[in-house]
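Values in this text are rule-based calculations from the coordinates and carry no lab data. All values derive from a computational prediction rather than experimental measurement. In this analysis, Cβ positions are derived from the backbone assuming ideal geometry, glycine residues included, and neighbour counts consider all displayed protein chains.
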Amino acid sequence: MAIVLVTLTAATRAPDAGIRTAADPAAVVREWNAIATDTITTSLGPRPSGQAAIWQGFVSVAVYNAVVGIEGRYALYKWHGRGPAKASSAAAAATAAHDVLLTYFPAFKERLDSAYADSLAALPAGQARDRGVAYGKRAAARVVELREGDGRFADVPFTASPAPGVWRPTPPAFQPFIDTWLARLRPLLLVSPQQFRPGGPPALSSAAYAEDVQELKAMGAKTGSGRSARQTETALFFSGNLVEQVQTAVRDHAARHRLGIAETARLFAAVNASATDAVVTAWDSKLHYGSWRPITAIRLADTDGNPATTADPAWEPLLLTPPHPDYLAGHTTVAAAVARAVTGVLGTSRIDLRLHSEVTGTTRFYGSADDFNRDVVDARVWGGVHSRTADVAGCRAGTRVAAWALGHYFQPVAKDGTQPSPPRPAEPECGDDSD
């Protein structure tokens, strides 16, 4: 069952053992999220797809079950295997993360085993640790079992013939549609990949379509655009690995707010499982609608039948166009799912996230889910890689995915076994209007 995604190409960073103390058992969850992020990022490399979110989701729900099965307080994810009394939830969390990662990334065995040994060595030896290890193994095995035959790496062809409005490989690399199997992957939480599939993009002959093209030509061009310096920085800020940006921000949030081990595991599970299903939702629409990218739409505008658009055969976007269709935008679908998951767990629209960009070398603070969503929506337009329609529709879909997910999973459980209704924050906005 183990899958080698790619050959190990770079050494991942060792965890900071100094952050793990007996007074902060939640640190082991943050630490193993960092290890998972390094492992996944190194394995996938600069792969322009949402695949990273899938593996983060698998690890996070296993760690969640390992922790809350011992600590209680929240409903288990698709499992009834409660942990033994007085077991170490920290040992269980480290074991679950290690075993899931080792199953899917066996090329990293030496690195993972070393980090795991360090994690266990930092915990008091004895029966509690041993029980935690045994339970963590069960939690990992349960998730691996649940994901058997889920459609990973299936041969899913994109069969649409080139025509006006239809996606085709884009310059400069002209890569084929990447990771089409994501569109048919069995979700972690949703009933089906198409559960939140929105209606299609606007017709090529419509005014809405022409507005999208005109905005992209003016604001998304590599040279001669109408962007301000701040708008260009925003496009670049969100041009890298969004999933990795989110992990760092959530770790920072959990540490600063001193969330307990169960609360930390729940936050990561809600964020990453929602992001997983947001990717599936976005790729389902990409495969189903197959709409062409801005670079194609602008260069071939003389074929769209819309008198309000004009072709520019030499037009180039600020950013390289990823090799998959425009609608839905993966970045905005995932970002909105993350924002809604955070607000759902915290019970407030204030998200308090510090995001760092490796591309720009800068950090941004987002106190509001609305501000975060707006910037990601704008960034993909200003980068010239997505229409505003695809961005906003993705944002709305991601919000719905996470709202549904939090209504069905990761719920608090009272001592009497009932599930009290959590506070419902206001739904984040999706930045429908450009600045």
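Odds and ends about this structure:
- Compared with the dominant principal axis of the Cα atoms in the chain, helix 242-256 is inclined by about 40°.
- Anchor LYS217: aspartates and glutamates whose Cα lies under 12 Å away (excluding residues fewer than 8 positions away in-chain): ASP312, GLU316
- Residue with peak Gaussian network fluctuation, the chain [Cα springs, cutoff 10 Å], from GLU316, GLU148, GLU263: GLU148
- Rounded FRET efficiency, nearest 0.05, which uses the C-beta distance separating SER192 from HIS257 and R0 of 30 Å: 0.30
- Considering only alpha-carbon pairs that sit under 8 angstrom and 6 or more positions apart, the relative contact order computed for the stretch 338-387 is 28 percent.
- In this structure the amide hydrogen of SER368, modeled in the peptide plane, comes within under 5 Å of the amide hydrogens of ILE351, ASP352, none closer than 5 places in sequence on its chain.
- In summary, the aspartates and glutamates within cross-link reach of LYS78, defined as a Cα separation below 17 angstrom excluding same-chain residues under 8 places away, comprise GLU145, GLU148, ASP150, ASP277.
- Using a Gaussian network model of the chain in which every pair of alpha carbons under 10 angstrom is joined by a spring, one finds that among SER291, SER206, SER349 the greatest mean-square fluctuation is at SER206.
- Contact order relative to length of the stretch 141-187, as percent, for alpha carbon pairs under 8 angstrom and 6 or more apart: 50 percent
- Cα long-axis angle, helix 27-44 against the chain (0 to 90 degrees, to the nearest 10): 40 degrees
- Cα extents for the chain along the principal axes, largest to smallest and rounded to whole angstrom: 75, 44, 39.
- Using just its DSSP H runs of length 4 or more, each adding -39500 (n - 2.57), the chain gives a mean residue ellipticity at 222 nm of -16000 deg cm²/dmol after division by all residues.
- Here's how it looks for ARG168: its modeled amide H is under 5 Å from those of ARG293, which are all 5 or more places away or on a different chain.
- The 3J(HN,Hα) values that the Karplus relation (6.51, -1.76, 1.60; θ = phi - 60°) gives for the stretch 289-306 are, in residue order, 8, x, 7, 5, 7, x, 4, 6, 4, 6, 5, 10, 4, 6, 10, 7, x, 9 Hz. Gly and Pro appear as x.
- Calculated FRET value between ARG350 and ARG82, using beta carbons and R₀ = 41 Å, to 0.05: 0.75
- Cα-based helix-to-principal-axis angle, 109-121 vs the chain, degrees rounded to 10: 50 degrees
- Taking ALA210, ALA337, ALA92 as the candidate residues, the one with maximal mean-square fluctuation in a Gaussian network model of the chain, Cα springs under 10 Å, is ALA210.
- Counted residue by residue at 0.36 nm each, then reduced by the alpha carbon distance between them, the extension gain from ALA121 to ALA208 reaches 25.3 nm.
- Remark: the stretch 331-341, residue by residue, has Karplus-estimated 3J(HN,Hα) of 4, 6, 5, 5, 4, 5, 5, 4, 4, 5, 5 Hz, where x stands for each Gly or Pro and the curve is 6.51 cos²θ - 1.76 cosθ + 1.60 at θ = phi - 60°.
- Residue pairs, from the table LYS109/LYS137; LYS86/LYS109; LYS86/LYS137, whose Cα atoms sit over 24 Å apart: LYS86/LYS109
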